[in-house]
Amino acid sequence: MRDTFMQSLTATHLLEHITYLCKKLPPRQPTTAGERQAAEYVHETLQKMGVASRIETFKGIPTLGIPGIIAVLIGLASILFGWTGFWAGKWIAGALMLLCGLNMYQLYANIPPFFSNWIERWDSWNVVGQIKPASVPKRRIYLLGHLDANKQRFLLPTPDPRLLKPSQTLTILIPILVGLTFWGEALFGWNLFWVQAAAIAFLAISIGMLLFDETQPTVEGANDNASAVSILLGIAETLKAQPIQNSEVILLFTGCEEVGHHGLKDYLRRYQPPANNAYWIDLELVGAGNICYANRHGVTYLTQYRPGAEILELARQTARQHPELNVAERDMLILEEVATLRHAGHNGLCIMGYDERGYLPLWHRLSDRLENLEPQALQRAARFTWELIQNIDRLDVPE
């Protein structure tokens, strides 16, 4: 049993899964054949282990550019009303700009915009696995890792990651402020044309950059997020050999994470899992750099969020117990599925990698390849996740 435990969570074993996902399959862009084949591989692998699993289909979108471009176009449409002689034009222009700012906020907070049901027209896939404990289950542990990979993007992150938060915060604030200038003109007769023209130019540049990102190829996604998928599969194999006592484990391999967490949102809508006595562990980019768990997340100053207090304390306890793993607690520049979990009131935490500058390694870059992974980082992330699961399983049953 010990040999199986050691083998399942070694870097050599985990890299076998990553190699298949990255080298044997087409690119795993959301809603494509590559994402579907990744789901099939995970499902078949779990079944070979003897883990009960299923594939679930839901509707998503193929690229992050769709909601971003729609939001910016709404803002640019204000020109048609604000700079004409139409009597209600400035009121309509102000409303459109405010709606643009709201949509940008929702995009970075991972809240569905009003048009989400109109654009979710493509099939995507989740894989759900379930492992029972050795005794009567007293709690649930959810392990999250997404199947899909993103395009190379220069807006997320920006070439200098230090510019990401301020630049993306401006994409929220500028439309809101300009919307108010249109209303100020309508109410007080102000002439704020040049302020509005500068903001319109900013939005025009933004849509140009969004369109440029859409021309980029899909990255191999070895770190983001085949590394997490491999660890979830390794933990599933370990749990079959060495079951925990008190906790049912749900393995959730999500589709369309890179474009708005559609897979996780579908799971939450479909099953409405209770938040009480449940612990969610999300893994992101855990195959390179150093390993940490985030105590604050976000890609703008207006949409930051924090993990669940209880699971954060358990992560701190695990890090103290295993200093040899060198797992840190950090404020991270990232938008991932813990945002959706926290909006829904769930107790979630994200484990991820960080580079020497403190940012996500290889994030949305063509350098995110199997050859650039660091096996020891992958193995330490797997071991830390396993030890965190053990600490959760040993918790007393809530009254």
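None of the figures in this text is laboratory data; all of them are computed from the coordinates on show. Since the structure is predicted, the reported quantities are computational estimates derived from the model, not experimental observations. Cβ: placed from backbone, ideal geometry, glycine included. Neighbour counts: every protein chain shown.
Using the beta-carbon distance between S135 and L302 and R0 = 41 Å, what value does 1/(1 + (r/R0)^6) give for FRET efficiency, to the nearest 0.05? The value I calculate is 0.35. Cα centroids of the stretch 87-145 and the stretch 322-364: 19 Å apart.
Of the residues L187, W386, I250, the one whose Cα sits farthest towards the positive end of the charge dipole of the chain is L187 (charges of +1 on Lys and Arg Cβ, -1 on Asp and Glu Cβ, taken about the Cα centre). Can you pick out the pairs among K90/K265; K23/K132; K48/K265; K90/K151; K138/K265; K24/K165 whose Cα atoms lie more than 31 Å from each other? Where the Cα-Cα span goes over 31 Å, the pairs concerned are K90/K265; K23/K132; K90/K151; K24/K165. Computing Cα extents along the principal axes in Å for the structure here picks out one of (i) 78, 49, 39; (ii) 104, 24, 21; (iii) 64, 53, 42, namely (i).
The distance from the alpha carbon centre of the stretch 198-219 to that of the stretch 230-292 is 33 Å, rounded to a whole number. Rounded to the nearest 20 debye, the dipole magnitude of the stretch 323-399 is 200 debye, with +1 charges on Lys and Arg beta carbons, -1 on Asp and Glu beta carbons, and the Cα centre as origin. Between A344 and T19, the modelled labels are 3.5 nm apart [label points 7 Å from Cα along Cα→Cβ].
Length gained on full extension, L192 to S116, computed as 0.36 nm times the residue gap minus the Cα-Cα distance: 24.1 nm. Modelled label positions at T12 and L180, each set 7 Å beyond Cα in the direction of Cβ, lie 6.2 nm from each other. FRET efficiency for the pair K48 and N372, taken as 1/(1 + (r/R0)^6) with r the Cβ-Cβ distance and R0 = 35 Å, rounds to 0.75. For the stretch 60-194, the residue among P159, G68, I172 whose Cα projects farthest onto the positive side of the dipole built from Cβ charges is P159. Apply the Debye scattering formula to the stretch 165-315, with a single equal point scatterer on each alpha-carbon and no solvent, then give log10 I(q)/I(0) at q = 0.17, 0.18 Å⁻¹. Cα-only, vacuum Debye calculation for the stretch 165-315: -1.22, -1.30. Neighbours of G289 by Cβ distance under 13 Å: Lys/Arg scored +1, Asp/Glu scored -1, total -3. Under 20 Å from a label point set 7 Å out along the Cα-to-Cβ vector of D123, the amide N atoms of the stretch 48-67 belong to 53-63. Charging the Cβ of each Asp and Glu at -1 and of each Lys and Arg at +1, and nothing else, the dipole of the chain about its Cα centre rounds to 400 debye.
I'm checking a number: the convex hull volume of the Cα atoms of the stretch 292-356, normalised per residue, in Å³. What is it?
Values: hull volume 4.9 nm³, N = 65.
So the per-residue hull volume is 76 Å³.
Rounded to the nearest Hz, the phi-derived 3J(HN,Hα) couplings of the stretch 35-52 under the Karplus curve 6.51 cos²θ - 1.76 cosθ + 1.60 (θ = phi - 60°) are 5, 5, 5, 5, 4, 5, 4, 5, 4, 5, 5, 4, 5, 5, 6, x, 8, 5, where x marks glycine and proline. Amide H to amide H, which residues 5 or more places from C350 or on other chains are under 5 Å from it, using H placed in the peptide plane? Under 5 Å from the amide H of C350 lie the amide H atoms of D282, A294, each far enough along the sequence or on another chain.
Across the stretch 195-204, coupling constants 3J(HN,Hα) worked out from phi with the 6.51/-1.76/1.60 Karplus curve, θ = phi - 60°, read 5, 5, 4, 5, 5, 4, 4, 4, 5, 5 Hz, and Gly and Pro carry x.
Using the Cβ-Cβ distance between R394 and W87 with R0 set to 51 Å, the FRET efficiency from 1/(1 + (r/R0)^6) comes to roughly 0.15. So which residue, out of R380, R36, R320, gets the largest mean-square fluctuation from a GNM of the chain using Cα contacts under 10 Å as springs? Of R380, R36, R320, the Gaussian network model singles out R320 as fluctuating most. When T254, T45 are sorted by how many other C-beta atoms sit within 10 angstrom of their C-beta, beginning with the fewest, the order is T45, T254.
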